[in-house]
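Presented below is the structure to which this report refers.
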Amino acid sequence: ACVLTFATILYLRRNKTFPIYAGIYSALILAGVLASALTDHTGINSALLPFFVLGIVTNGFICGWRATVAFGVAVIAVVWGLWLVSLGHPEGAVIHPETYADRIFQRAVQTTLAAFMITTIGAFFSHNMHSAFGELEAGIRDARESDNAKTAFLATMSHELCTPMNGIVGMAEMLEESDLDPSQRELAAIISRCGADLQDIIGNVLLFSQLDAGKIALDDAPFALAHTV
């Protein structure tokens, strides 16, 4: 059982299949309780009943309320199965058969009530917990989608603004080369410089949006490190 538990934990860490882990864990609990009682017709072993509680809580924490209810039903079925087995104890196996039968029946009833209450409470808290986790994950997904939409919008707008800016800067440069008086040439130069500055800003926005989206491409080429610094 220890080896199987350890192997299951390693499998869980690698594959993150929580239902399989909970299923094997639950099977070990039920098998351990059955193995402690079936062979000698000893009925319900009170010392192992806390494992039932642990199984209910574990299923609720790992898998959700459905697994909690399923394990609770399995526990109740196992308890009454052990009660039926205890009725068939061999002659001489117990000192007071009637007292033994009464005690086993009382244990079965008490364990059933306890399992029902713990399963109900565990399923309620498990449902609330997993619902909160689901809302949290949905919020994280929405935030990521919103961030991706913002990045895509910036990239698209920056790219769309580059085209008309290229036209403005190009026309301003051509205007500077035409026959202008000094005042007009100065105005054309101002347009050209402002357009170039705006081009740099748009280019930086586009670069940052590409960095944010993880779509930046590195150019592997020689360069002058001292000059760049």
Could you list, in sequence order, the residues of segment 158-177 that are without any contact (Cβ under 8 Å) to a residue 24 or more places away in the chain and open to solvent by 40 Å² or more (accessible area, probe 1.4 Å)?
E160, T163, P164, M171, E173, M174, L175, E176, E177
Residue pairs meeting the criteria (Cβ under 7 Å; at least 6 apart or on separate chains; first more than 11 Å from I62 (Cβ to Cβ), in segment 17-37; second open to solvent by less than 40 Å² (accessible area, probe 1.4 Å) and outside any helix (DSSP H, G or I)):
A37/G43; A37/I44
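Out of R13, R66, report the one residue that is out of contact with any Phe, Trp or Tyr (no Cβ under 9 Å at 6 or more places or on another chain), modelled with pLDDT of 80 or more and more than 17 Å from T119 (Cα to Cα).
Just one listed residue meets the conditions, R13.
Residue by residue, here is whether (1) open to solvent by less than 100 Å² (accessible area, probe 1.4 Å); (2) at pLDDT 85 or above holds:
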{"position": "I95", "(1), (2)": "no, no"}
{"position": "E98", "(1), (2)": "no, no"}
{"position": "I104", "(1), (2)": "yes, no"}
{"position": "V109", "(1), (2)": "yes, yes"}
{"position": "E135", "(1), (2)": "no, yes"}
{"position": "A143", "(1), (2)": "yes, yes"}
Per the filter on segment 10-22, residues touching a helix residue (DSSP H, G or I) at 6+ places or on another chain (Cβ under 9 Å) and open to solvent by 70 Å² or more (accessible area, probe 1.4 Å) are Y11, F18, P19, I20
Name the one entry in A1, A47, A31 that is open to solvent by 40 Å² or more (accessible area, probe 1.4 Å), among the small types (G, A, S), touching a Gly at 6+ places or on another chain (Cβ under 8 Å) and under 26 Å from G122 (Cα atoms).
A1
Kindly indicate whether any position in segment 214-229 is open to solvent by less than 100 Å² (accessible area, probe 1.4 Å), at positive phi, in a loop (DSSP other than H, G, I, E, B) and not aliphatic (A, V, I, L, M).
yes
List the pairs whose first member sits in segment 203-225 and is farther than 21 Å from M165 by Cβ, whose second member is among the hydroxyl-bearing types (S, T, Y) and open to solvent by less than 90 Å² (accessible area, probe 1.4 Å), and whose Cβ atoms are under 6 Å apart, counting only residues at least 6 apart or on separate chains?
D212/T151; A213/T151
Just to be sure, is V73 at pLDDT 85 or above and either buried (at least 20 other Cβ atoms within 10 Å of the Cβ) or among the hydroxyl-bearing types (S, T, Y) (or both)?
no
Being of a type in the set (S, T, Y), in a helix (DSSP H, G or I) and open to solvent by 30 Å² or more (accessible area, probe 1.4 Å) narrows it down to one residue among S126, S131; which is it?
S131
Looking at (1) open to solvent by 60 Å² or more (accessible area, probe 1.4 Å); (2) under 30 Å from V69 (Cα atoms); (3) among the polar types (S, T, N, Q), can you tell me which one S183 breaks?
(2)
Mind telling me which of the residues W65, W83 ends up being of a type in the set (F, W, Y), in contact (Cβ under 8 Å) with a residue 12 or more places away in the chain and open to solvent by 70 Å² or more (accessible area, probe 1.4 Å)?
W65
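The values are calculated or read from the model by the stated rules, or taken from the named source; none is laboratory data. Since the model is a prediction, treat every value here as computed from it, not as a measurement. When we count neighbours, we look across all protein chains shown, and the Cβ atoms used for this are built from the backbone with ideal geometry, even at glycine. These accessible areas exclude ligands, DNA and RNA; they are computed on the full protein's heavy atoms, side chains included. Shrake-Rupley method; radii C 1.70, N 1.55, O 1.52, S 1.80 Å.
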